[in-house]
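The structure appears below as structure tokens.
Values quoted throughout were computed directly from the atomic coordinates according to the rules given, and no laboratory measurement underlies them. What you see is a predicted model, and the numbers here were worked out from it, not measured in a lab. Here the Cβ positions follow ideal geometry from the backbone for every residue, glycine too, while neighbour counts run over all protein chains shown.
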């Protein structure tokens, strides 16, 4: 599914993001794969999930937030798999970098 990349995350939760086309947030239960394509420059996206009234980056106190990065001069299409517990959560993807993102695809499913 195509998901709109965000440059900031709303403090009120995912509701406004779910109403956009393509959606700026998606509800997923399982692990997922992210495909990031850029046409110029370099950009990264970091998955964030909504819990307890705020957004959290995928990572923890020990592991830095995880992301996927693409660079038009090298790897213009990058793919990463994110393994997460099977808990229903709303996910949004926050952009960093100045690159031009042409597509962010998210595919949910069991990853072995």
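Multiplying the residue separation of residue 52 and residue 87 by 0.36 nm and removing their Cα-Cα distance gives an extension gain of 11.2 nm.
The Stokes-Einstein estimate for the stretch 15-107, based on a Kirkwood radius over Cα pairs and taken at 37 °C with 0.692 mPa s viscosity, is a diffusion coefficient of 240 µm²/s. Rounded to the nearest 500, the helix-only mean residue ellipticity at 222 nm of the chain stands at -500 deg cm²/dmol, with each DSSP H run of n ≥ 4 adding -39,500 (n - 2.57). Between 99, 59, 74, the residue with the greatest mean-square fluctuation in the GNM of the chain (Cα pairs under 10 Å linked by springs) is 74. The peptide list 75-82, 64-71, 41-48, put in order of mean Cβ contacts within 10 Å with the highest first, becomes 41-48, 64-71, 75-82.
FRET efficiency for residue 7 and residue 79, Cβ-Cβ distance as r, R0 = 25 Å, nearest 0.05? The formula returns an efficiency of 0.70 here. Relative to the current alpha-carbon distance between residue 15 and residue 33, full extension at 0.36 nm per residue lengthens the span by 4.2 nm.
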